[in-house]
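Shown next, in structure tokens, is the structure this report addresses.
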Amino acid sequence: MSCCILTRADMVNAADKTSATLDSFKARLRNKKIERGLPVSPTPSELARDNELEDDGTVLYNLLGRMISLHPGNIVKKAGRAVRLGEADALKVAAAGGVPVPDVFGTEVTPEGRFRISMSYIEGQTLEAAWPSLSEDDKTSYCRQVGAILTAMRAIPPPDPSFIGACDGKEIRDGRLYNTYMSPVCADEEAFNAYLVSSITPTTPDAVREAFVRRLQSQPRHRIVLTHGDLAPRNIMVRDGRVVALIDWEEAGWYPEYWEYVKFFQRSTAMERDWRAHAKDIFVEAYPDELVDYIAVSKFQYP
């Protein structure tokens, strides 16, 4: 009986081939995710660039491809591979409509290819930090203030009564727990509904897919309004009993009037049940049918 004895060189070569095959597979998987509009893990060089900080800055937040830093003159800079300059457009639209938001000082693309937004610093604390120590009356007061802000947002006329997408007109961003779906802008709500169905997994049964189409087509048409898209306590700044700003507008844009309502429930966590219970104080109108439809569709999408 013969046997094969591998030399050290043979084992090294085999390991190199295995590594190359794995790297090739990872590269193909990364490209597939990019094609589907799914987020991808940063490369080592991207991580290094995301962690770079100007000498005069203090890091306030650094996670998921976003670094937020404070600089002299109370200037906040938001930079990273996951930052979209369209957030600055949303802030400007909101500010023009009287919505309390940080002032935008400028945007740029760094030599390393990172996007950066410079804006004003908002003094105070997040509602998330304040919430545990608040009385029920205080919680209700803050939520009603947020409701008044939403009313002001929804009164801002859209540039086109049918257009759906980000304020810079470049994309749709639909953030989930682990993934952010991205799509070209939609000309109308019918196209937006088609986008929602197109983002479900390929293994979804045809009967389920067809049911989703019927459900979405049966909905009444909705007004298109300015939408924040991530209305959670962590994105609401408060001070001295007042809501002083809404921050983190990267999911914002012009969307059907129900979108803020369904994202309110979808983007909040199980730890924020108390916050969800105050939906009645925030939203003048509820959209329970649209909420159920969205939750049903999202069950067949990547989380």
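Just so you know, all these numbers are worked out from the coordinates, no wet-lab data involved. Remember, it's a predicted structure, so these values are computed and weren't measured experimentally. Here the Cβ positions follow ideal geometry from the backbone for every residue, glycine too, while neighbour counts run over all protein chains shown.
Taking the number of Cβ atoms within 10 Å of each Cβ as an exposure proxy, the fewest-first ranking of L150, L70, L291 is L70, L291, L150.
The stretch between S120 and K170, if pulled fully straight at 0.36 nm per residue, gains 15.5 nm over its current Cα-Cα span.
Each label was represented as a point 7 Å from its Cα along the Cα-to-Cβ direction; for T204 and S135 these points are 4.7 nm apart.
The listed peptides 193-199, 158-164, ordered by packing as a protection proxy, come out as 193-199, 158-164 (highest mean of other Cβ atoms within 10 Å first). Here the dipole of segment 220-303 is about 100 debye; that uses its Cα centre as origin and unit charges on the Cβ of Lys and Arg (positive) and Asp and Glu (negative).
FRET efficiency for the A152 to Y302 pair, using the beta carbon distance and R₀ = 30 Å, is estimated at 0.30. As a calculated quantity, the FRET efficiency between T110 and L177 at R0 = 30 Å, using C-beta atoms, amounts to about 0.55. Amide H to amide H, with H built 1.01 Å from N, V244 comes under 5 Å of M237, V238, R239, counting only residues 5 or more places away or on other chains. For S218 and L85, the FRET efficiency from 1/(1 + (r/R0)^6), where r spans their Cβ atoms and R0 equals 51 Å, is about 0.85.
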